[in-house]
Amino acid sequence: MKRNDATPIFLGVTAAVIAFTINVAIVAVPVLVAHGFNTLTQASTLDAVIVALCLVVLGHGGAMSFTGVGIDGTAVLPPLGLTLVFALVCGTTMLRTGRSMTLTEPSGALKRGALTALGLILAGFGISYALMATVSSLLARTPGVQPVTVSAGVSALALAVIAGAAGLMASLVRRSSDSAPRVGLLALVSEQYAAALRSIGVLVLGLFGGTAVALTVWMVIRRDAMLSVHRGLEPDLFGTVALVLAALAFFPTMLVWAAAFVCAGTVTVGSNTHVSFEGSLTGVLPAFPILGALPEPGRFSPWVWAFIAIPALSSIGASVFLAMRTRHFDVRARVVAWLTYAVGSLLALTVIFTLGSGSIGTAQLSHVGPQFTSLMLPVALLVLVPAALIAGWSQTGLDSWVFGKARAGRAYVSERTASLRARVEKAEGKAAEAELGDDDSRASERVLEQTEAEHSDAVAAEEAEPDEPADATALEGGSEAPLSDDHEQENAPAPTRDSD
């Protein structure tokens, strides 16, 4: 890719314009299409555009103020699916912007002034993106619905900075070559912090990956309840498509709720609805099909505590991963890595659970999402207890022995697997050779049989032919057989010469 000689701030502003335009189009196009095909609505095209801008504000985590539309108060509950899409667009745009510049040396090191350029790009991107989100919130106003301008700008700024920074760091990744080493995603971070960040990633991916599997299975079990709510709305084709898209946008929020549940926390959906390991109390809920996945009221079986294995195993796996990464560090680097992992894990999970909680008005749905009063203690125990145990275990020196045994066991298994594969391949080769030999012997037998058959046919044909009849004079016995041409030439008189 050619080097981009534009100023960093200009590149950041341009990237912000591109990313925000794409994000608005992602929301506006489906809304306008649904509005165009909905013949029953009396809303104008301008109303559809305002709805799209309101969804953009909600997708960035902004707040909406409602008055006299069935909901009174402020609503702050971002559809995290839409938020993730916006973050992905911002990160991808900054990834392309970072790659358009030459910020690294051939050896993989950063050039002089590269960090300043990255900071200017990110500043221009974040400020410009936040300004455009603020202007959109000012445009998306009706008498009953009004976005909170400050909330819209701040939330858009936070999303743009976090996603943009991730995209810029990803742009610094370089593959290894003959002349330069590989530059990883965490190349700008020291080893102890990089190990802690990787372990936090293992914890988050393990927790939400296992929860996603459990939630998907539960939604399959509860499919009849969700379909019943969907049929009760009596949507047409485009209404069905809109509900499906809304459910996909809301699924990550439900995933955060499920993660809080498996961490032994309490999830509330309004003042009279909560779900925990003790049981479920379901009150009046909005007519949203995906909410049909909430369990029926009643107490749960004690087997529900088995779900706590998901965060426990994720925490143990992350701690073991960090112990393996830091076993060659000195004492100070180990302490820094473990403290960074503990604090960073709690902060990351707190931010995620905060994004999955909020409120819809001041009445029934005044609080929606995890209850932090019942959640933070179990989360802290699930993160810190395995980390403390495995960190202490790693200080005894037993981790090196265990990891050595694990490597030896893995090498032994690989060796035995390779030996078994070699024996199988050898046996298959012998079987193939034997089969090939049998094929050759059968072919030679067929050729021999064919030859013998042809010979017997020839002998039978010779025996079937009659003898040639003898000359009549020879049969009478009174006259001699005619002489051959050679005898006639011998008995013929010699020719007379002129001299005679």
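The values are calculated or read from the model by the stated rules, or taken from the named source; none is laboratory data. It should be emphasised that the depicted structure is a prediction, and the values quoted were computed from it without experimental measurement. Positions of Cβ are backbone-derived with ideal geometry, glycine not excepted, and every protein chain shown enters the neighbour counts. Just so you know, the surface numbers come from the protein's heavy atoms only, side chains and all, with ligands and any DNA or RNA stripped out. Shrake-Rupley method; radii C 1.70, N 1.55, O 1.52, S 1.80 Å.
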_Hey, L84 under 30 Å from A247 (Cβ atoms), at pLDDT 80 or above and in a helix (DSSP H, G or I) or not_ = yes
*Identify all residues within segment 288-310 that are surrounded by 11 or more Cβ atoms within 10 Å (Cβ to Cβ) and hydrophobic (A, V, I, L, M, F, W, C); write none if there are none.*
F288, I290, L291, A293, L294, F300, V304, W305, F307, I308, A309, I310
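At pLDDT below 70 and of a type in the set (S, T, N, Q): is that true of S419 in this structure? If you could, list the steps in order and put the result at the bottom.
Details: at pLDDT below 70: no; of a type in the set (S, T, N, Q): yes.
The answer is no for S419.
The rows are residues; the columns are (1) at pLDDT below 85; (2) in a helix (DSSP H, G or I); (3) out of contact with any helix residue (DSSP H, G or I) (no Cβ under 9 Å at 6 or more places or on another chain); (4) open to solvent by less than 20 Å² (accessible area, probe 1.4 Å).
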site: I71; (1), (2), (3), (4): yes, no, yes, no
site: A75; (1), (2), (3), (4): yes, no, no, yes
site: L88; (1), (2), (3), (4): no, yes, no, no
site: M94; (1), (2), (3), (4): no, yes, no, yes
site: L115; (1), (2), (3), (4): yes, yes, yes, no
site: I121; (1), (2), (3), (4): no, yes, no, yes
site: G124; (1), (2), (3), (4): no, yes, no, yes
site: M132; (1), (2), (3), (4): no, yes, no, no
*asked:* Here are the criteria: (1) open to solvent by 60 Å² or more (accessible area, probe 1.4 Å); (2) closer than 30 Å to V145 by Cβ; (3) modelled with pLDDT under 80. Tell me which single one S107 does not satisfy.
replied: (2)
*asked:* Scan segment 330-339 and tell me whether some residue there is open to solvent by 30 Å² or more (accessible area, probe 1.4 Å), part of a helix (DSSP H, G or I) and at pLDDT below 85.
replied: yes
*Give the residue, chosen from P297, P370, P302, that is under 17 Å from P79 (Cα atoms) and not acidic (D, E).*
P370
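Sort out for me the strands (runs of 3 or more DSSP E) sitting completely within segment 192-303 that have 1 or more residues that are in contact (Cβ under 8 Å) with a residue 60 or more places away in the chain and among the polar types (S, T, N, Q).
Numbers: elements: 267-269, 274-276, 279-281.
Qualifying strands (runs of 3 or more DSSP E): 267-269, 274-276.
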